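Have a look at the structure below, then the notes.
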Amino acid sequence: MTPSLIERYRNRLPVSASTPVVSLGEGSTPLLPAPRLADSAGVRELWLKWEASNPTGSYKDRGMTVAVSRALERGAEAVLCASTGNTAASAAAYAARAGLQAVVLTPEGAVSGAKLAQTRMLGATVLEVRGSFDDALRAAQELADRGKHVLVNSLNPDRREGQKTAVFEVVEELGGPPDAFVLPYGGGGNTASYAQALAELGLEVPLVSVEASDRRRTLATAIRIGEPAHASSVESSGARVLDADDDALVDAWRRLAEEEGLFCEPSSAAGLVAVLRGDVAGERLVVTITGHGLKDPAAADRYAPPPVAVPADPEAIVSASAARKR
Ligand code: F0G
């Protein structure tokens, strides 16, 4: 049986023998070499931490297993989050697994339809807030302060405890630290988690966190966040913050798919932008790819080459495919 993330890292997580483990088989995600992209970036080794292979399709599950297990242990009846979509789906899944209600607040009109469908299907109460993600998060915090719901955004330290395990896996699997970890920066919770992991391991490895240049309007809706909740801990962690505009994001996102076979959502390619631009020093780099491409099929539909209609005839198929060959 696949070990749960909590079982794999029990001694480094805030759980005890009596914590009920709510798991969907998260963590232990692939660490994949990316030789073509490494070549074009002029990097000896480029590794991709493929977090899309978590049960709900994003890295959020690492933190959610810990947050929901702890909420259940404390006798919670409901969990609550504000989300651009991935936290929502993850909270919904783990709450369903635990038999808890999940209430999710999403910014109206700014979340991919696939993430909403996933979250609705998992039985969460989905409330679309008239406002931005930042407005939804403020409302969620106020409501959580009333004490009836456990907030499972990454402001909840249990979430960050779970998320730090990605760094443990990488260091174990490479047999030592890479020269840098590179990841997207939305609210900054994951960057703060990685910094926490490095501090716990006593490692001083550069952390590079890449945000959208136009935070409030980026096409990468997962990281469309105006006021990152973890800005001050990202700053004090010493992480280097870089930015990527939408053209660069789309380019890196498409190259990852076409050259390495990994289909992620646009936000997830943010770290790769910095590496392809040559902004990250080192011979062995690890870039975290945070969420699956199927999370945002509408974005893919906008940029991927359209299918070509052909008659059911071998000659026509040969000539159409020759015309498309790269
Ligand atoms: N990548 C993906 C796929 C995300 O969904 C998010 C954040 C990030 C990166 C940024 O990570 O916030 O820890 O800096 N998604 C949140 C959500 C906001 O609600 O799903 P961060």
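The values are calculated or read from the model by the stated rules, or taken from the named source; none is laboratory data. A quick note: this is a predicted structure, and the numbers were derived from the prediction, not measured. As a convention, Cβ positions derive from the backbone with ideal geometry for all residues, glycine included, and neighbour counts pool all protein chains shown. Please note that ligands, DNA and RNA were not included when accessible areas were found on the heavy atoms of the full protein model with its side chains. Shrake-Rupley method; radii C 1.70, N 1.55, O 1.52, S 1.80 Å.
Relative to the first principal axis of the alpha-carbon coordinates of the chain, what is the inclination of helix 60-73, with its axis defined by its Cα atoms, in degrees from 0 to 90 and to the nearest 10?
For helix 60-73, the angle is close to 20 degrees.
In degrees between 0 and 90, to the nearest 10, how far off the longest principal axis of the chain does helix 189-201 point, with axes built from Cα atoms?
Taking Cα atoms only, the helix is inclined about 80 degrees.
Over the stretch 1-156, what is the relative contact order in whole percent, taking alpha-carbon pairs under 8 Å and six or more residues apart?
Contact order relative to length: 20 percent.
Suppose R0 equals 30 Å. What FRET efficiency, 1/(1 + (r/R0)^6) with r the Cβ-Cβ distance, do E283 and D246 give to the nearest 0.05?
So the FRET efficiency works out to roughly 0.50.
By how many degrees, 0 to 90 and rounded to 10, does the Cα axis of helix 133-145 deviate from the longest principal axis of the chain?
The answer is roughly 20 degrees.
Heavy atoms only, probe 1.4 Å: what % of the accessible area of the stretch 168-279 goes to carbon and sulfur, would you let me know?
Its accessible area is 44 percent carbon and sulfur atoms.
How large is the accessible surface per residue of the stretch 1-159, computed with a 1.4 Å probe and reported in Å² as a whole number?
For the stretch 1-159, the per-residue accessible area is 42 Å².
Please identify the trypsin sites (Lys or Arg not before Pro) of the stretch 48-107 that satisfy two criteria: DSSP loop assignment and at most 11 other Cβ atoms within 10 Å. Which are they?
In loop regions of the stretch 48-107 (DSSP not H, G, I, E or B), the sparsely surrounded trypsin sites (Lys or Arg not before Pro) are R74.
Given a cut-off of under 8 Å on Cα pairs at least six residues apart, what relative contact order in percent is computed for the chain?
19
Which order do the peptides 205-212, 131-138 come out in when sorted by mean C-beta neighbours inside 10 angstrom, highest first?
Output ranking for 205-212, 131-138: 205-212, 131-138.
By how many nm would the segment from S18 to A304 lengthen if fully extended, with 0.36 nm per residue of separation less the alpha-carbon distance?
98.1 nm
What whole-number distance in Å separates the alpha-carbon centres of the stretch 109-153 and the stretch 23-96?
Rounded to whole Å, the Cα centres lie 18 Å apart.
Per DSSP H run of at least 4 residues, take -39500 (n - 2.57); add these up for the chain, divide by its residues and hand me the 222 nm value, nearest 500 deg cm²/dmol.
-12000 deg cm²/dmol
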